[in-house]
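Take this structure, written in structure tokens, and hold onto it; I'll ask about it next.
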Amino acid sequence: MFKIPQMHEHDDFAAAAGSDPAANVRRSNRRRLRVFLIVFAATLLPGLAWNLLRAPEYRASARVQIAAGTVSAQTVTTFAGASAEIGSAQPIDLLTQAQILTSRPLLEEVQRRLPQAEPGAADPVAALQNAVAATPIAGTDIVELQAIGASQQWTAKVVNTLIETYLERAVASHGAQSEEALFKLRDEVARLSVSVADKRGQLAAFRERSGVVSSERSENEALARIKGLSESLTKANEDAAKAEARVRTLRESAASGRSPVLARDNPTLASIEQRISATREQLRDMERVYTPAFMAMDPTARAQRARLAELEQQLVTSRSTSQQAALATAEDDAASARAASERLRAQIDGQRRNAQSFAGNFQEAKAMEDDLIRLEGARRNAAERLAKLEATESSRLPGLTLIEAASVPERAWRPDYLRDGLLNLVASFGLGLLALWFVELFNRAPATAATTVVMPQPWLTPALAVDAHGWNPRLPLPMEPPPLAQLSEAPRLPRELTQDEAGALLAASDGDLRLLCGLLLLGVTVDEVRQLSGQAVDAAGCRLTVPGASARTLTLPAWLAQALAQHAADDPGRPLFANAAGQPLARAEIDSRITCAALDAGLEEAASVSPEALRHTCILNLLQQQARFSDLPPLVGHLSGDELAAYAALASGPRQARGAEVDPVMPSLRQVATG
């Protein structure tokens, strides 16, 4: 143990009261150094002794590749014509092999082969099991073997002996397992052959008793007869339904006074209709030449009219006769179809009992045949596997490839004396600083009161002692404090119109007022509207060139482009919106027209609808499409910083839409063309 020298507070106070300040500082520094060195040495020396007195440990490692000898994958035909794949044998589980490599039975054999055990081990096998580790490398079939011990030669010998012992035991175990697998497969093939022969005899006897000729339904007479009757019954039912529908149609036509018989189906009707048409054409030709009075007296005209009436009566009589004949024919067809359906149904009922009995026998025969097919497929599969095992006996031997043999380690694996020594040094240094801080914490000198001396400045005269607000202490106090600077108010945004309100506004306005509303809804300002002329309109390209400080080109709806071109057709150089004197409309006149359109449309709070409100609606439509703020000036013109800040407060999230992704024409403007 070490002893920290006693330090009393009255010594420091006395030194502070009557000693030299430089001597006090030197004395404090010596005390700090003494405390730091004592703590530093007390922690560093035991740590270094513990670090250097540890015995070194050596590690030898080797890498082996463990693979199972297997047959290659092969596709064979199994029962029911299906194909199955005889794959390779189940791959070796590296985790399982790692456990086998470190198992006690294997290590006991390794211990017997070693010339000597690890020095100082009471149970050599247990010590060997603790010293050896097998680690599979992920994604590969490689296992890394490691042995850790105090002897360099012993660790390398353990790893190499372990590999040799494992390979010998794997080959021996494989031979026993292979013989057992071959015996089981031969027994399975024999048992399956007996089962196949028994099942084939049972199937033949059952077919002879039941009369089932084949497993195909079409080859058995009873099932084929039932199938033919069923198909004939379905066809008869369809014919009966069609005949009934024909009778119902003819009766409904007769009840409604319409003739279901067409002239193209009856030559007599076609001839009568042709004669009626010729007679009417002759009468129309005479009416074009003669007056009604003359035709009433002309015997030829009177004969033609009498002939027309007679032909029409013949047409009515012929249609009635044809309709009755068609109805009688349809009723006969319906009765015949019903009779055929009933006859076929009676035949099916008579054959149903025999068919049910035969169907049961057929299903049973089919099941027995399926069982036979499965047994034959299983026998074939077992025989193929047996032949494959017998032919690939040598190729199925397990393989162990030595990738890297264990070599005698040249340097100790652990401990790392340099690293642990540096850690001990850093820890000792930190504990010394911590002890120094604790000593200083409990040996602080009392703080002396600070005295503030105010020195008058010769340049600061009473006449010039004025504060920031212009107040002089020699003068009387002001009655009111100086006014504070006020922050400027954020701009108030206009009212927003919904798409329905914008559509109602456009519908209620007409003429140049609708054109004015349309331009304002595209983001054009009032000053820009007043500068527009007919030359700015490109009707073919549906474009509008906006002049002024924020010159830009806007996309117009087709109806608006055509209407603007027609409006400016007389004088393209004249302002688009001018008064009677040909001068641009005043701002007050534009505001008044927009308000009148809002009143005509019946909008709520129509007085708040202004040109700025229409442009504000256009800007909000662009922001709702996630338009970027940097893309707004090319669409709606210049926006001040206060306006951008106000719109930024309404928008949320990043703005990602660019260029063509934003539609500058709102839906209400597009609907004008279709409305």
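Read-outs: derived from the displayed coordinates by stated rules, not from any lab. Owing to the predicted nature of the structure, the values given are computational and were not obtained by experimental measurement. Note that each Cβ is placed from the backbone with ideal geometry, even for glycine, and that neighbours are counted across all protein chains shown.
With only alpha-carbon pairs counted, each pair once and no self-pairs, how large is the Kirkwood hydrodynamic radius of the stretch 604-644 in angstroms?
11.2 Å is the Kirkwood radius here.
In addition: Mind listing the Cα extents of the stretch 100-169 along all three principal axes, in Å, largest one first?
39, 24, 18
Sorting M297, M286, M368, M666 on the 10 Å Cβ count, fewest up front, what's the list?
Numbers: M297 9, M286 14, M368 19, M666 22.
Sorted ascending by nearby Cβ count, the order is M297, M286, M368, M666.
Moving to a separate point now. Go ahead and run the numbers for FRET between A150 and L433, Cβ-Cβ distance against an R0 of 41 Å, rounding to 0.05. Write out the running numbers ahead of the final one.
Values: r = 38 Å, r/R0 = 0.93.
Given R0 = 41 Å and the Cβ-Cβ separation, E is 0.60.
Can you work out the FRET efficiency for the pair K184 and R419, with r the C-beta to C-beta distance and R0 = 51 Å, to the nearest 0.05?
Details: r = 59 Å, r/R0 = 1.15.
That gives a FRET efficiency of 0.30.
Here is a follow-up. Return the distance in nm (one decimal) between the two label points of a simple spin-label model at R112 and R307, each offset 7 Å from Cα along Cα→Cβ.
Label at R112, label at R307, 13.5 nm between them.
What whole-number volume per residue, in cubic angstrom, does the convex hull of the C-alpha atoms of the stretch 499-674 give? All intermediate terms of the calculation are to be shown ahead of the outcome.
Numbers: hull volume 21.3 nm³, N = 176.
Value for the stretch 499-674: 121 Å³ per residue.
Further, regarding this structure: What list do you get for Y417, Y166 if you sort them by fewest beta carbons within 10 Å?
Details: Y417 14, Y166 23.
Fewest-to-most ranking of Y417, Y166: Y417, Y166.
Here's another thing I want to ask about it. Take T291, T161, T317 and order them by how many other Cβ atoms sit within 10 Å, fewest up front.
Details: T291 8, T161 20, T317 11.
Listing T291, T161, T317 from fewest to most nearby Cβ atoms yields T291, T317, T161.
Take the Cβ-Cβ distance between D510 and E287 as r, set R0 to 60 Å, and report the resulting FRET efficiency rounded to the nearest 0.05. Walk me through the numbers before you get to the answer.
Working: r = 51 Å, r/R0 = 0.85.
Efficiency, rounded to the nearest 0.05: 0.75.
Whole angstrom only: what separates the Cα centroid of the stretch 166-197 from the Cα centroid of the stretch 26-45?
Comparing the Cα centres of the stretch 166-197 and the stretch 26-45, I get a distance of 81 Å.
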